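Encoded as C-alpha coordinates, the structure appears first; notes follow it.
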Amino acid sequence: MTKRVAILISGGGSNMVRLVESMVGDHPARPCLVLSNVPDAGGLQKARDMGVPTAVVDHRAFKGDREGFEKALISEIDAYQPDIIALAGFMRILTPVFIDYYAGRMLNIHPSLLPKYRGLDTHARAIAAGDAEAGCSVHEVTAELDGGPILGQARVAIDADDTPDTLAARVLEQEHRLYPAVLRRFASDDRRRLDL
Ligand code: GRF
(Lines give C-alpha, C1' and ligand atoms only; values in the text may rest on other atoms or scores of the structure.)
Protein backbone atom coordinates (compact mmCIF):
# COMPACT_ATOMS: atom_id res chain seq x y z
CA MET A 1 0.00 0.00 0.00
CA THR A 2 1.57 3.31 -1.07
CA LYS A 3 1.95 5.67 1.90
CA ARG A 4 0.63 9.23 1.70
CA VAL A 5 2.95 12.04 2.91
CA ALA A 6 1.92 15.53 4.03
CA ILE A 7 4.82 18.03 4.12
CA LEU A 8 4.63 21.09 6.39
CA ILE A 9 6.71 24.15 5.50
CA SER A 10 7.06 27.82 6.50
CA GLY A 11 9.56 29.07 3.93
CA GLY A 12 11.27 28.41 0.59
CA GLY A 13 10.77 24.66 0.77
CA SER A 14 14.04 23.35 -0.69
CA ASN A 15 13.79 20.21 1.46
CA MET A 16 10.14 19.80 0.43
CA VAL A 17 11.15 19.92 -3.25
CA ARG A 18 13.75 17.15 -2.72
CA LEU A 19 11.24 15.01 -0.83
CA VAL A 20 8.62 15.38 -3.58
CA GLU A 21 11.18 14.72 -6.33
CA SER A 22 12.29 11.54 -4.53
CA MET A 23 8.81 10.02 -4.25
CA VAL A 24 8.64 8.47 -7.72
CA GLY A 25 9.01 5.04 -9.27
CA ASP A 26 9.29 2.23 -6.71
CA HIS A 27 9.31 4.66 -3.77
CA PRO A 28 6.83 3.40 -1.14
CA ALA A 29 5.21 6.83 -0.72
CA ARG A 30 3.69 9.75 -2.62
CA PRO A 31 3.12 13.37 -1.56
CA CYS A 32 -0.53 14.19 -0.83
CA LEU A 33 -0.21 17.74 0.56
CA VAL A 34 2.14 20.65 1.12
CA LEU A 35 0.85 22.90 3.87
CA SER A 36 2.25 26.20 5.15
CA ASN A 37 1.46 28.42 8.12
CA VAL A 38 2.84 31.35 6.09
CA PRO A 39 0.49 32.34 3.23
CA ASP A 40 3.26 33.67 0.93
CA ALA A 41 5.85 30.97 1.66
CA GLY A 42 7.91 30.48 -1.52
CA GLY A 43 7.59 26.70 -1.27
CA LEU A 44 3.83 26.76 -1.95
CA GLN A 45 4.23 27.78 -5.58
CA LYS A 46 7.04 25.22 -6.03
CA ALA A 47 4.67 22.52 -4.76
CA ARG A 48 1.88 23.67 -7.10
CA ASP A 49 4.35 23.63 -10.01
CA MET A 50 5.09 19.99 -9.15
CA GLY A 51 1.37 19.18 -9.07
CA VAL A 52 1.08 18.66 -5.31
CA PRO A 53 -2.06 19.99 -3.55
CA THR A 54 -1.36 22.89 -1.20
CA ALA A 55 -3.06 24.45 1.80
CA VAL A 56 -2.47 27.34 4.20
CA VAL A 57 -3.36 27.60 7.89
CA ASP A 58 -2.14 31.06 8.94
CA HIS A 59 -1.17 30.93 12.64
CA ARG A 60 -1.47 34.72 12.90
CA ALA A 61 -5.23 34.47 12.44
CA PHE A 62 -5.39 32.64 15.78
CA LYS A 63 -3.67 35.43 17.72
CA GLY A 64 -1.66 33.14 19.98
CA ASP A 65 -4.44 30.56 20.43
CA ARG A 66 -2.22 27.51 19.86
CA GLU A 67 -5.02 25.02 20.52
CA GLY A 68 -7.27 26.72 17.97
CA PHE A 69 -4.44 26.86 15.43
CA GLU A 70 -3.61 23.19 15.88
CA LYS A 71 -7.25 22.09 15.66
CA ALA A 72 -7.48 23.89 12.31
CA LEU A 73 -4.15 22.37 11.26
CA ILE A 74 -5.31 18.84 12.09
CA SER A 75 -8.62 19.18 10.26
CA GLU A 76 -6.85 20.59 7.16
CA ILE A 77 -4.18 17.86 7.20
CA ASP A 78 -6.60 15.00 7.87
CA ALA A 79 -8.71 16.03 4.89
CA TYR A 80 -5.82 14.59 2.82
CA GLN A 81 -5.52 11.43 4.93
CA PRO A 82 -1.73 11.27 5.24
CA ASP A 83 0.09 8.28 6.73
CA ILE A 84 3.22 10.32 7.38
CA ILE A 85 3.81 13.98 8.33
CA ALA A 86 7.17 15.45 7.28
CA LEU A 87 8.14 18.77 8.89
CA ALA A 88 10.46 20.57 6.48
CA GLY A 89 11.37 24.02 7.74
CA PHE A 90 8.06 24.30 9.62
CA MET A 91 8.83 27.01 12.12
CA ARG A 92 5.99 26.61 14.65
CA ILE A 93 6.58 24.84 17.97
CA LEU A 94 3.88 22.17 18.21
CA THR A 95 2.18 21.22 21.47
CA PRO A 96 1.98 17.67 22.89
CA VAL A 97 -1.68 17.56 21.77
CA PHE A 98 -0.70 17.79 18.10
CA ILE A 99 2.39 15.61 18.53
CA ASP A 100 0.50 12.85 20.36
CA TYR A 101 -2.21 12.91 17.67
CA TYR A 102 0.40 12.04 15.00
CA ALA A 103 2.62 10.01 17.33
CA GLY A 104 5.02 7.65 15.57
CA ARG A 105 4.37 9.04 12.09
CA MET A 106 5.90 12.51 12.13
CA LEU A 107 9.47 13.40 11.06
CA ASN A 108 11.52 16.58 11.27
CA ILE A 109 14.82 17.77 9.81
CA HIS A 110 17.08 19.86 12.05
CA PRO A 111 20.32 21.60 10.96
CA SER A 112 22.62 20.27 13.66
CA LEU A 113 24.14 17.00 14.90
CA LEU A 114 21.51 16.34 17.56
CA PRO A 115 21.46 16.21 20.52
CA LYS A 116 23.82 19.19 20.08
CA TYR A 117 22.27 22.58 19.39
CA ARG A 118 18.53 22.08 19.67
CA GLY A 119 16.57 25.20 18.73
CA LEU A 120 17.79 28.04 16.54
CA ASP A 121 21.09 29.52 15.26
CA THR A 122 22.70 26.09 15.15
CA HIS A 123 25.55 27.00 12.78
CA ALA A 124 26.60 30.14 14.68
CA ARG A 125 26.64 28.11 17.90
CA ALA A 126 28.76 25.30 16.37
CA ILE A 127 31.26 27.82 15.00
CA ALA A 128 31.36 29.78 18.30
CA ALA A 129 32.03 26.54 20.19
CA GLY A 130 35.00 25.79 17.91
CA ASP A 131 33.50 22.51 16.71
CA ALA A 132 35.34 20.60 13.96
CA GLU A 133 32.14 19.46 12.31
CA ALA A 134 28.47 20.31 11.99
CA GLY A 135 25.65 18.62 10.14
CA CYS A 136 21.97 17.77 10.11
CA SER A 137 19.63 15.24 11.67
CA VAL A 138 16.29 13.68 10.79
CA HIS A 139 14.36 12.56 13.86
CA GLU A 140 10.95 11.36 14.87
CA VAL A 141 8.98 14.18 16.49
CA THR A 142 8.18 13.84 20.18
CA ALA A 143 7.07 16.38 22.77
CA GLU A 144 10.75 17.10 23.56
CA LEU A 145 11.76 19.88 21.11
CA ASP A 146 14.28 18.42 18.62
CA GLY A 147 14.60 15.52 21.03
CA GLY A 148 12.93 12.52 19.34
CA PRO A 149 14.70 9.31 18.19
CA ILE A 150 17.33 10.11 15.55
CA LEU A 151 16.76 8.26 12.26
CA GLY A 152 19.65 9.74 10.29
CA GLN A 153 22.55 12.19 10.32
CA ALA A 154 24.99 13.71 7.84
CA ARG A 155 28.21 15.46 8.81
CA VAL A 156 30.00 18.48 7.36
CA ALA A 157 33.49 19.69 8.30
CA ILE A 158 33.66 23.28 9.58
CA ASP A 159 36.33 25.36 7.83
CA ALA A 160 38.36 28.03 9.63
CA ASP A 161 36.84 30.80 7.51
CA ASP A 162 33.27 29.54 7.70
CA THR A 163 30.46 31.93 8.57
CA PRO A 164 27.03 30.71 9.71
CA ASP A 165 25.77 31.34 6.17
CA THR A 166 28.53 29.48 4.35
CA LEU A 167 28.19 26.56 6.75
CA ALA A 168 24.38 26.57 6.44
CA ALA A 169 24.67 26.33 2.65
CA ARG A 170 26.88 23.21 2.83
CA VAL A 171 24.70 21.63 5.52
CA LEU A 172 21.59 22.26 3.40
CA GLU A 173 23.14 20.24 0.57
CA GLN A 174 23.43 17.32 2.99
CA GLU A 175 19.88 17.85 4.22
CA HIS A 176 18.73 17.40 0.62
CA ARG A 177 20.44 13.98 0.52
CA LEU A 178 19.55 12.83 4.04
CA TYR A 179 15.84 13.63 4.30
CA PRO A 180 14.73 11.76 1.12
CA ALA A 181 16.86 8.74 2.12
CA VAL A 182 15.37 8.61 5.63
CA LEU A 183 11.81 9.17 4.37
CA ARG A 184 12.18 6.23 1.99
CA ARG A 185 13.17 3.95 4.90
CA PHE A 186 10.51 5.37 7.20
CA ALA A 187 7.81 4.80 4.58
CA SER A 188 8.97 1.17 4.36
CA ASP A 189 8.66 0.86 8.17
CA ASP A 190 12.47 0.59 8.37
CA ARG A 191 13.58 2.46 11.50
CA ARG A 192 17.29 1.64 11.18
CA ARG A 193 19.50 4.69 11.65
CA LEU A 194 21.19 6.07 8.51
CA ASP A 195 24.55 7.88 8.66
CA LEU A 196 25.65 9.51 5.43
C1 GRF B 1 16.40 23.85 6.88
O2 GRF B 1 17.74 24.18 7.14
C3 GRF B 1 15.88 22.96 7.97
O4 GRF B 1 16.86 22.10 8.55
C5 GRF B 1 15.42 23.95 8.98
O6 GRF B 1 14.84 25.00 8.24
C7 GRF B 1 15.49 25.07 6.96
C8 GRF B 1 14.39 25.03 5.92
O9 GRF B 1 14.89 25.21 4.66
N10 GRF B 1 14.50 23.40 9.96
P11 GRF B 1 13.95 24.92 3.37
O12 GRF B 1 12.68 25.73 3.55
O13 GRF B 1 13.66 23.45 3.32
O14 GRF B 1 14.79 25.39 2.23
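The values are calculated or read from the model by the stated rules, or taken from the named source; none is laboratory data. In this text, all values refer to a predicted model and were calculated from it rather than measured experimentally. No Cβ is skipped: glycine too gets one built from the backbone with ideal geometry, and neighbour counts run over all protein chains shown. What goes into the accessible areas is simple: the full protein's heavy atoms, side chains included, and nothing from ligands, DNA or RNA. Shrake-Rupley method; radii C 1.70, N 1.55, O 1.52, S 1.80 Å.
Within region 8-15, can one find any residue that is more than 12 Å from the ligand (Cβ to nearest atom) and farther than 20 Å from residue 141 by Cα?
No, region 8-15 has no match at all.
Scan region 18-25 and tell me whether some residue there is surrounded by 21 or more Cβ atoms within 10 Å (Cβ to Cβ), within 21 Å of residue 119 (Cβ to Cβ) and within 13 Å of the ligand (Cβ to nearest atom).
No; the residues of region 18-25 include none that is surrounded by 21 or more Cβ atoms within 10 Å (Cβ to Cβ), within 21 Å of residue 119 (Cβ to Cβ) and within 13 Å of the ligand (Cβ to nearest atom).
So residue 64 fits all but one of (1) part of a loop (DSSP other than H, G, I, E, B); (2) more than 14 Å from the ligand (Cβ to nearest atom); (3) under 26 Å from residue 31 (Cα atoms); what number is the exception?
(3)
Out of all the residues in region 132-145, which are open to solvent by 30 Å² or more (accessible area, probe 1.4 Å) and in contact (Cβ under 8 Å) with a residue 12 or more places away in the chain?
Result: 132, 133, 140, 142, 143, 145.
For region 29-40, give me each residue that is open to solvent by less than 30 Å² (accessible area, probe 1.4 Å) and over 15 Å from the mean Cα position of the chain (by Cα).
Residues satisfying the conditions are 29, 32.
Which residue, of 119, 148, 104, is closer than 28 Å to residue 56 by Cβ and surrounded by 17 or more Cβ atoms within 10 Å (Cβ to Cβ)?
148
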